[in-house]
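For reference, the structure is listed below as C-alpha cells.
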Amino acid sequence: MNTKFIVFVLILLPALGFSQLPSQDENTSFRHFDRYVYATDSFHTSIKPFLMNQVNDIVSIDTLYPFSTKNKFINYIFNKNIIDIRYKDIWMTINPFINFEIGKSSDTSKTSHINTRGFIINGEIGEKLAFRSTFRENQALFCDYRNEIVADLSVMPGQGAFKNFKDGGYDWGFATGLVSYSPSKHFNLQLGTDKTFFGDGYRSLLLSDNSTAYPFFKITTDFWKIKYVNLWAQLTDRDFPSTRDIGNARKWASIQYLSWNTTKWLNLSFFESVMWANADSTGYRGFDFSYANPVIFLRPVEFENGSPDNVMMGGNIKVTILKKYILYGQALLDEFNLKEMKAQTGFWSNKFGFQAGAKTYDLLGIKHLDLQGEFNIVRPFTYSHWSTLQCYGNYDQPMAHPLGANFEELIAIGRYNFNRIFIDFKLSYADFGTSTNTYNAGNNIFADYTQNRTDYGNHVGQGIKNTLQQTDLSISYLLNPLYNLNISAGLTNRNLSIGGKQKNSTLIYFALRTSLDNMYFDY
C-alpha cells in the first residue's frame with residue numbers, strides 16, 4: 001500500500017480512533033439478518049456489510065435457529081465455534097472456511113468440482129478493537145458454463161488471479177483481513193483488505209462485491225438520522241504490464257456515501273466517487289490528498305485540479321411500507337449532456353444507469369416466505385474512461401454490475417426457510433450488446449471510449465445482441481449458523497443466445513460449504 005496513504009491513515013487514527021466486526025453474513029442466499037434490520041426504522045440497510053454490534057442490538061444469530069440437543073458432540077457441531085477462546089476482555093474464534101462441491105452439466109460427460117480449504121478468525125480486544133482474517137486455498141475444475149466465464153474474464157470472479165491446475169483446472173488463493181476500531185458509538189474505523197456494498201438490491205450500480213477484495217481505509221460516522229461512509233481504496237489494473245519491481249499498475253478511489261433516514265419509512269442516500277491513476281503523464285502521483293477531506297464534494301476538487309479523473313455521482317432510495325414491503329431504487333450518473341438528451345440523439349457521453357426494485361417478507365402472511373423483483377439498466381460507455389486506470393473497475397472486473405454497461409436486466413428471487421431448511425429460487429433475464437474488433441458497443445468498461453465508437457445513435461443493447469436467461473434453484477440445510485456451514489443441492493438452467501446462436505446447459509451440484517461471500521456466475 002502507498003506510503004502516503006498509510007501516513008494519512010496513521011494521522012487520522014489518534015484523532016478518531018476500532019469496533020465490532022462487520023457481519024460475516026454476506027452471501028445473498030444466507031442473509032439471516034435482513035428481515036429484522038429492514039423492519040427497524042433507524043437501521044441503514046444499504047450499507048453492507050453490517051456492523052455486528054449494531055445488528056446484535058436488534059437480533060442475535062444465536063437465537064435465530066435453535067437446535068436443542070443433550071449430546072455435547074452434536075451440540076458442538078451444530079451450535080458452537082470450532083475454537084472459542086475467551087480470556088478476560090479478549091475473545092477469539094477460529095472456524096473452517098470450506099467449499100466441497102461436485103457438479104454435472106448436461107452438455108458434457110465430465111464432472112465439475114471445487115475444493116476449498118481455509119479458515120476464519122474473528123476476535124475482539126476490549127470493547128472497541130476487533131479484527132478478522134480469512135484465507136482459503138482453492139482448486140476447481142469447471143466442466144460447464146462457469147469455465148467460459150472464467151476464461152473470458154481471465155480472473156476468478158470476485159477472487160482475483162489464478163493459475164492453471166492439472167488438465168483444465170484452476171488453482172487460486174484468496175484472503176481478506178481487517179482491523180476495526182470504534183472510539184465511540186458515533187465512529188467506526190476500518191483498515192484492511194475486503195469489499196463494500198452500497199444498495200438495497202441484489203445488484204448495485206454504485207458499489208458492489210463483484211470484483212476482488214482491495215486494500216482500503218474506511219470511516220463510518222453515525223449521528224442523528226445520518227450514517228456517512230468515507231472509503232479510500234487502492235485498486236489494481238492488470239491491463240498495464242506488470243514489472244518485477246512494482247507488479248501490476250495501481251489506481252485509487254475515493255468514495256463517499258451518505259445515508260439519511262428522513263422519516264421512519266423513507267431513506268435517501270447520496271453517492272460520489274472519484275478514480276485516479278497512481279501515475280499519470282507527469283510521472284508518479286500516488287495518493288492525492290486533495291481527495292482526503294472526508295466532508296468535501298469531490299467534483300469541485302477534481303475540476304479545480306484541472307485533472308482528467310473519473311468522477312461519478314448517484315443515489316439510493318428506499319421506501320418501507322408496513323415494515324415488510326420495501327421499494328428501492330438507484331440512479332448512477334457518469335456523464336450527462338442535457339441538450340443532447342432533449343434532442344434524443346443517442347449521444348455517446350450521456351452515460352447513466354437506473355435500478356428499480358421491490359421486496360417483501362412473510363408474503364401472504366406465510367412466515368419466512370420472501371419475494372424480490374429488480375430491474376437494472378445501464379447505458380453504453382457508463383463507468384468507462386479513455387484510460388483503464390480511471391475506469392470504474394478493479395482487477396479486470398467492474399466494481400458495480402458484473403455486466404459492465406450497455407444492458408438491461410430483470411431479476412426475480414424467491415426464498416423460503418423453515419427452521420434450518422432453506423429453499424432459494426432465482427430467475428434472471430438480461431439483454432446486452434457486445435463489441436466487435438472494429439466497433440466499440442460500450443459494454444466493456446475497460447475499453448478506451450475514444451476508440452471505434454459512434455458519437456450518435458447509441459442505445460442500450462447495441463452491438464452483437466446477447467440474451468441470457470438463467471434459473472437457479474437450491475435447497476440447503478444450515479448445519480452451523482455461527483459460520484454459515486451448510487449442505488446444499490442445486491440446479492442451474494442457463495440459456496444464452498449470442499448473435500442468434502444458442503448455448504443451453506443445465507448444471508446439477510451438491511456441496512458442503514461455508515457460504516460467506518459471493519462468486520457471481522449469473523451473467
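Taken over the range 46-80, the criterion of being assigned to a loop (DSSP other than H, G, I, E, B), out of contact with any strand residue (DSSP E or B) (no Cβ under 7 Å at 6 or more places or on another chain) and among the hydroxyl-bearing types (S, T, Y) is satisfied by S60, S68, T69.
On inspection, Y395 fails the criterion of being touching a Leu at 6+ places or on another chain (Cβ under 8 Å), surrounded by fewer than 17 Cβ atoms within 10 Å (Cβ to Cβ) and not small (G, A, S). Counting only residues that are assigned to a strand (DSSP E or B) and touching a Ser or Thr at 6+ places or on another chain (Cβ under 8 Å), the range 81-95 holds 4 of them.
Taken over the range 439-459, residues that are among the aliphatic types (A, V, I, L, M) and open to solvent by 40 Å² or more (accessible area, probe 1.4 Å) amount to 0.
Of the residues I149, I121, I114, I98, only one is assigned to a helix (DSSP H, G or I) and either buried (at least 19 other Cβ atoms within 10 Å of the Cβ) or within 24 Å of the chain's Cα centre (by Cα) (or both); which?
I149
Kindly evaluate T134 against the criterion of being within 22 Å of L207 (Cβ to Cβ), assigned to a strand (DSSP E or B) and either acidic (D, E) or open to solvent by 20 Å² or more (accessible area, probe 1.4 Å) (or both). Criteria not met by T134.
Taken together, the residues in the range 285-304 that are assigned to a helix (DSSP H, G or I) and modelled with pLDDT of 75 or more amount to 3. State yes or no: is F223 at pLDDT below 95, under 16 Å from F446 (Cβ atoms) and more than 23 Å from the chain's Cα centre (by Cα)? Criteria not met by F223.
Considered as a group, the residues in the range 48-57 that are open to solvent by less than 20 Å² (accessible area, probe 1.4 Å) and within 18 Å of the chain's Cα centre (by Cα) include one that is nearest to L205 (Cα to Cα), and that residue is K48.
To keep it simple, each residue is scored yes or no on (1) over 27 Å from the mean Cα position of the chain (by Cα); (2) not in a strand (DSSP E or B).
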{"site": "A441", "(1), (2)": "no, yes"}
{"site": "R453", "(1), (2)": "yes, yes"}
{"site": "N466", "(1), (2)": "no, no"}
{"site": "G490", "(1), (2)": "no, no"}
{"site": "R494", "(1), (2)": "no, no"}
{"site": "Y509", "(1), (2)": "no, no"}
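Considering the range 171-228, and only residues there that are open to solvent by 10 Å² or more (accessible area, probe 1.4 Å) and of a type in the set (D, E), the residue that is nearest to F119 (Cα to Cα) turns out to be D194.
Look at (1) modelled with pLDDT under 95; (2) out of contact with any Asp or Glu (no Cβ under 7 Å at 6 or more places or on another chain); (3) within 27 Å of F422 (Cα to Cα) and you find that K324 fails only one, number (2).
Yes/no per residue for (1) in a strand (DSSP E or B); (2) on the phi < 0 side of the Ramachandran plot; (3) within 18 Å of the chain's Cα centre (by Cα):
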| residue | (1), (2), (3) |
| --- | --- |
| G404 | no, no, yes |
| E408 | yes, yes, no |
| I413 | yes, yes, yes |
| F422 | yes, yes, no |
| F425 | yes, yes, no |
| Y429 | yes, yes, no |
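Just to check your reading of the model, which residue among T471, T436 is within 30 Å of P308 (Cβ to Cβ), surrounded by fewer than 19 Cβ atoms within 10 Å (Cβ to Cβ), out of contact with any Cys (no Cβ under 9 Å at 6 or more places or on another chain) and hydroxyl-bearing (S, T, Y)? Testing whether each residue is within 30 Å of P308 (Cβ to Cβ), surrounded by fewer than 19 Cβ atoms within 10 Å (Cβ to Cβ), out of contact with any Cys (no Cβ under 9 Å at 6 or more places or on another chain) and hydroxyl-bearing (S, T, Y) leaves just T436.
Quick check: anything in the range 371-383 farther than 24 Å from G463 by Cα and touching a helix residue (DSSP H, G or I) at 6+ places or on another chain (Cβ under 7 Å)? Looking for residues that are farther than 24 Å from G463 by Cα and touching a helix residue (DSSP H, G or I) at 6+ places or on another chain (Cβ under 7 Å), one finds at least one in the range 371-383, hence yes.
The values are calculated or read from the model by the stated rules, or taken from the named source; none is laboratory data. In this text, all values refer to a predicted model and were calculated from it rather than measured experimentally. Note: ideal-geometry Cβ built from the backbone for every residue, glycine included; neighbour counts use all protein chains shown. When the accessible area is computed, the model is the full protein with side chains, heavy atoms only, and any ligands, DNA or RNA have been set aside. Shrake-Rupley method; radii C 1.70, N 1.55, O 1.52, S 1.80 Å.
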